[in-house]
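Trainee: My questions all concern the structure below.
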Amino acid sequence: ALFKYDKTNNRKCLKCGKCINSCPSGAIKSNGMFDGKSCISYINQKKNITSREESFINQCVFGCDICAEVCPHNEKVAVYDDERVLIDIKNYKHMSNREFNNKYKNYAFSWRGRNVFERNINIYKQKLEKRIDL
């Protein structure tokens, strides 16, 4: 399939710092550098993560996009409901691997496999349980 090109975007970074200040893991540096291995989207897709990396997994169990969401260049960009997937974390466990793969095959998280996804959900659930105990 061929893609139609949008008009060229010559916008430059506004240097507002919103992405830097909003990045929970500090992957975006004030000098304009980006530490991809510290990016939450990278971390929550890895097969093995450290306890420090676990601390960055939150209700967004796959991906992140906080930097894109806060960028002033994206203020008027439409977000489509099908770009975000809400998964009932109680019911997915009852699915076979085949059912899981068939249901979520068109979503980015499915290519990493169920184990990575499930690990991230378990980390998030542990955090929720600790908050409830407080």
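Trainee: Which stretch or stretches of the stretch 29-72 have amide N atoms under 20 Å from the point lying 7 Å from Tyr92's Cα along the Cα→Cβ direction?
Mentor: Under cut-off, by backbone N: 40-50, 53-66.
Trainee: Arranged from highest to lowest average of other beta-carbon atoms within 10 Å per residue, in what order do the peptides 61-68, 49-56 appear?
Mentor: Details: 61-68: 17.9, 49-56: 14.0.
Ranking, from highest mean packing down: 61-68, 49-56.
Trainee: How large is the translational diffusion coefficient of the stretch 1-77 in µm² per second when you combine the Kirkwood radius over alpha carbon pairs with Stokes-Einstein at 20 °C and 1.002 mPa s? Spell out each step's value before the answer.
Mentor: Details: Rh = 14.2 Å.
The calculation lands on 151 µm²/s.
Trainee: Now for a separate question. Leaving out ligands and nucleic acids, note down the accessible area per residue over the chain with a 1.4 angstrom probe, in whole Å². Each step should come with its number before you reach the end.
Mentor: On the way: 10650 Å² over 134 residues.
I get 79 Å² per residue for this part.
Trainee: Per the chain: cysteines with no other Cys C-beta under 4.7 angstrom?
Mentor: Cys13, Cys16, Cys23, Cys39, Cys60, Cys64, Cys71
Trainee: Below 8 Å, C-alpha to C-alpha, sequence gap of six or more: please give me the relative contact order for the chain in percent. Provide the component values of the computation, followed by the final result.
Mentor: Numbers: 89 pairs, mean separation 30.8, N = 134.
Contact order relative to length: 23 percent.
Trainee: Another question about this same structure. Computed over the Cα atoms, what is the radius of gyration of the chain divided by 2.2 N^0.38 Å, N being its residue count? Numbers along the way, then the final one.
Mentor: On the way: Rg = 17.3 Å, N = 134, 2.2 N^0.38 = 14.1 Å.
Dividing the Cα radius of gyration by 2.2 N^0.38 Å gives 1.22.
Trainee: Of Lys18/Lys103; Lys7/Lys47; Lys47/Lys90, which sit over 31 Å apart, Cα to Cα? Provide the component values of the computation, followed by the final result.
Mentor: Numbers: Lys18/Lys103 36 Å; Lys7/Lys47 38 Å; Lys47/Lys90 22 Å.
Pairs exceeding 31 Å: Lys18/Lys103; Lys7/Lys47.
Trainee: Quick one: among Phe109, Phe117, Phe100, which has the greatest mean-square fluctuation in a GNM of the chain with alpha-carbon springs under 10 angstrom?
Mentor: Of Phe109, Phe117, Phe100, the most mobile in the Gaussian network model is Phe100.
Trainee: What does the highest-first list of 93-99, 24-30 look like by mean Cβ count within 10 Å?
Mentor: Numbers: 93-99: 10.3, 24-30: 15.6.
In decreasing order of mean packing, 93-99, 24-30 become 24-30, 93-99.
Trainee: Can you tell me the 0 to 90 degree angle between the C-alpha axis of helix 114-133 and the longest principal axis of the chain, rounded to 10?
Mentor: That works out to roughly 90 degrees.
The values are calculated or read from the model by the stated rules, or taken from the named source; none is laboratory data. This one's a predicted model, so the numbers in the text were calculated from it and none came from an experiment. Cβ sites come from the backbone with ideal geometry, for glycine too, and all protein chains shown count toward neighbours. Quick note on the areas: whole protein, heavy atoms, side chains included, nothing else; ligands and nucleic acids left out. Shrake-Rupley method; radii C 1.70, N 1.55, O 1.52, S 1.80 Å.
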